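Novice: One structure is given below, represented as structure tokens, and several questions about it will come after.
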């Protein structure tokens, strides 16, 4: 199983370890440091037993009283005592090609608003419905909301606020299990475009998410620059950055106000929330393939 450790006092920002049966299968240093030394250390340690490695690596100095090998020893010890967080995102990949999708988020404990949105979308000849999360509410409203989403065959993604809510004592235990098994990201195709859907916000709180792993750079840039995308003066810089992104179409929910930004061969759609916290009108998006382009319709929801 691949696990993640955030070291201190060294150049790399993350260490990923793949362990099975007491053996270190793979070791990766991410986010800084000397690539050559990192590869050397990883190759020398690969396939060795964890009980053997801890005393071998522990206490090796480099700077600030520690080193990359010493931090690996700390990671292995911590995993034996408490268990490290997983380092693999749950990614759902849909092979079929869609022509028209409905995307919404931010239900926030109001199943009545969800019913209204589902009724509207089901009349729009939608190929698939996608919920980016944001169910947080009372345990009873959450249970009703989950039932509505499952009945409508909606693809539901993980949202950090939902995971946090379901760790509270008053939440039903089966809801916690339900949320933990949801995908973090959705890979899909809309017409000829390659798409990626995710919630946004505090993605680092989702198990397995890493800014140094697959799509991490894309998602972080979009989250941190969402508000700036409304400013045309930053478009050239973001356009240069976006050329390295994996997808052509990014669908997410990071702010309550909807946004559609077009760059060459890249589309960014912030769908908003159907039940915003500020009490204003909510929104969701209907996205339709138009060759290499998309048509985006934001529909208001009266709260």
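The values are calculated or read from the model by the stated rules, or taken from the named source; none is laboratory data. What you see is a predicted model; the values in this text were computed from it and never measured. Here Cβ is always computed from backbone atoms with ideal geometry, including for glycine, and neighbour counts include all displayed protein chains.
Novice: Can you list residue pairs whose Cβ atoms sit under 7 Å apart, with the first residue in the range 186-198 being on the phi > 0 side of the Ramachandran plot and the second being outside any strand (DSSP E or B)? Count only pairs 6 or more apart in sequence or on different chains.
Specialist: Pairs found: 191/99; 191/291.
Novice: Continuing with the same structure: Of the residues that make up the range 132-141, is at least one surrounded by fewer than 19 Cβ atoms within 10 Å (Cβ to Cβ), at pLDDT below 90 and on the phi > 0 side of the Ramachandran plot?
Specialist: For the range 132-141, residues surrounded by fewer than 19 Cβ atoms within 10 Å (Cβ to Cβ), at pLDDT below 90 and on the phi > 0 side of the Ramachandran plot: absent.
Novice: Select from the range 71-112 the residues that are crowded, with 20+ Cβ neighbours inside 10 Å and assigned to a loop (DSSP other than H, G, I, E, B) and list them in ascending order.
Specialist: Selection gives 84, 87, 89, 105, 106, 107, 108.
Novice: Condition check: modelled with pLDDT of 85 or more and in contact with a helix residue (DSSP H, G or I) (Cβ under 6 Å, 6 or more places away or on another chain). Does residue 156 satisfy that?
Specialist: It is true that residue 156 is modelled with pLDDT of 85 or more and in contact with a helix residue (DSSP H, G or I) (Cβ under 6 Å, 6 or more places away or on another chain).
Novice: Would you confirm whether any residue within the range 209-217 is touching a helix residue (DSSP H, G or I) at 6+ places or on another chain (Cβ under 9 Å), part of a helix (DSSP H, G or I), surrounded by 15 or more Cβ atoms within 10 Å (Cβ to Cβ) and modelled with pLDDT of 80 or more?
Specialist: Yes.
Novice: Output yes when any residue across the range 248-263 is modelled with pLDDT of 85 or more, over 22 Å from residue 116 (Cα atoms) and part of a loop (DSSP other than H, G, I, E, B), and no when none is.
Specialist: Checked the range 248-263: at least one residue is modelled with pLDDT of 85 or more, over 22 Å from residue 116 (Cα atoms) and part of a loop (DSSP other than H, G, I, E, B).
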